[in-house]
Every structure is written in structure tokens, then in C-alpha cells.
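The block underneath contains the structure these notes are about, expressed in C-alpha cells.
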Amino acid sequence: MNTNKNSYTLIYSTIMVIIVAAALAFAADALKNPINKNREIEKKMNILMSVGKALEISGEKNLFIESEYKKYIKEEFLVNAKGERIQGDAFNTDLKKEYAKPEQERKLPVFVCIDKDIKLYILPVRGKGLWGAIWGYVSLKDDLNTIYGTNFDHASETPGLGAQIATRNFQERFSGKKLFKNSAFVSVQVIKEGSAALDDYKVDGISGSTITSKAVGKMMLESLSNYRAFFGKFSNQ
């Protein structure tokens, strides 16, 4: 074959494209299961961290998280806008897709943690920060009013500022705060650090990151308000 002809170059390029495409497809397929497993482990770890578990990993990470999740998370279910249990896979429910639906059509995940004689309800939250998505989990005591713990994360908040929503120092500020005031759902307001006296419904935000801090408060208000009917049906208030 005359390698100087344009046809040779075209044929050679086509073959190389096919080979590279096949190699990438094979690699993507081979990595699909490990990637999905890593996402599953990460999600389970975040759920556990909202109740103060899995803060330190002991031994092989995947085995440890699976063991802790099985030990403490005893129930997963979905509720609708009426607070009624419905059929479906709570763990794999995509909150972003659910929030794109009308409120009455949303399927909302609930995770139940049992730690000795303590029962906690864990609810996912999702919102928008300064630069991208923020999300997390809020755990509630069985009065479905008092916050036990939180875990937050982000896609692209500023390192050293908004990214601090993913630190325990910020997340622990929500412990003991209330969602209801005089039977009205108010959630927790994140205020500028030191701007006002703190009470059961306020936490200090992150210094120098007012927008992301307030975004966390807005995320909690909007996300947890979806569960108002559920709170009403099952709370011990």
C-alpha cells in the first residue's frame, strides 16, 4: 500500500479511532462497578456521619462502612407529600430529580438509625451554594423536631471559605437546634457570625462566607419543608 496517498491516512486514522473508542468503552465498562460501589460507600458514610458514626475509619474502608451501616441504619423508606409511606428504593432515589417534580409528586427518602435505645431519623437535603450544588443529611431525634446531627458537602465552594460547610466545626453548630417554633415549621437560620444572639433557631455562619452559609440555611428550610406532613404524622410533639 502506498503510504503517501490520502486514502492511507484516512484508513489509518479511521482504524485508530475505532481502536481507541473500543479501548475507552472497555475501560469505562470495567470501571463502572467500582465507581458505583465507591459512590454507594461514600453515600453510606455521609449518612452515618450525620449521626456521629464513621468519623474515623478502622481497617479497610469499604468493609468498615458496610458493617457500620448495617449495624446502625435499620430502615429505609420513602414518603410522599402527604407524609405517607410509599413503595420505592429510598437509598437510590435521586433527590435532584425529585425536586424537579411538582411537590405533590415527589418521593422523599427517610433513613432510620437505631443506636442502643436511641432512634434517629435521617433526611437528605439539597440546594445551591455560591458556585454549585450543596447537599447533605440532617438527623433528627424521635420528636422529629430536635436536630441530632448534620453532614454537609459541596461541589465547588471556595476552599477555606464556603468549603468549610463540610467541616465538623460548622456542622456541629446545628446539634440541638429546633425545626418548629410554637408548632410552626421554621427550620434553622444561618446568620452572619456574631451578628445576633443565638437561640434554638439560629447558628453562626462561616466568617467570610455569608452567601454559602445562608445557602445552607435556605437548603434546610426548603428541603425539610417537604417533610412537614411526615413530621405531623409521626412526631411526638
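So here's what we get for this one:
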read-out: Gain upon complete extension [residue 229, residue 91; 0.36 nm per residue less C-alpha separation]; value: 47.6 nm
read-out: Residue among 186, 20, 216 with the largest mean-square fluctuation in a Gaussian network model of the chain, springs linking Cα atoms under 10 Å; value: 20
read-out: Global form of the stretch 74-136, assessed from the alpha-carbon gyration tensor, a/c cut-off 1.5; value: oblate
read-out: Amide H contacts of residue 93 (H built 1.01 Å from N, under 5 Å, at least 5 apart or other chain); value: none
read-out: Between helix 210-225 and the chain: long-axis angle, C-alpha atoms, 0 to 90°, nearest 10; value: 80
read-out: Label-to-label distance, nm, for residues given as residue 117 and residue 18 (7 Å Cα→Cβ offset); value: 7.2
read-out: For residue 142, residues with placed amide H under 5 Å, excluding near neighbours; value: 119
read-out: Using θ = phi - 60° and Karplus 6.51 cos²θ - 1.76 cosθ + 1.60, couplings along the stretch 76-81 (whole Hz; Gly, Pro as x); value: 9, 7, 10, 10, 9, 5
read-out: Volume in Å³ per residue [convex hull over Cα atoms, computed for the stretch 73-234]; value: 115
read-out: Centre separation in Å (Cα based) which lies between the stretch 34-104 and the stretch 190-237; value: 22
read-out: Out-of-range pairs (alpha-carbon distance over 20 Å; input 97/141; 97/128; 116/141; 107/178; 43/192); value: 97/141; 107/178; 43/192
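Since every read-out is calculated from the coordinates, none of them should be taken as a lab result. For clarity, every value in this text was computed on a predicted model and none was experimentally measured. Quick reminder, even Gly has a Cβ in these numbers, built from the backbone with ideal geometry, and neighbours come from all protein chains shown.
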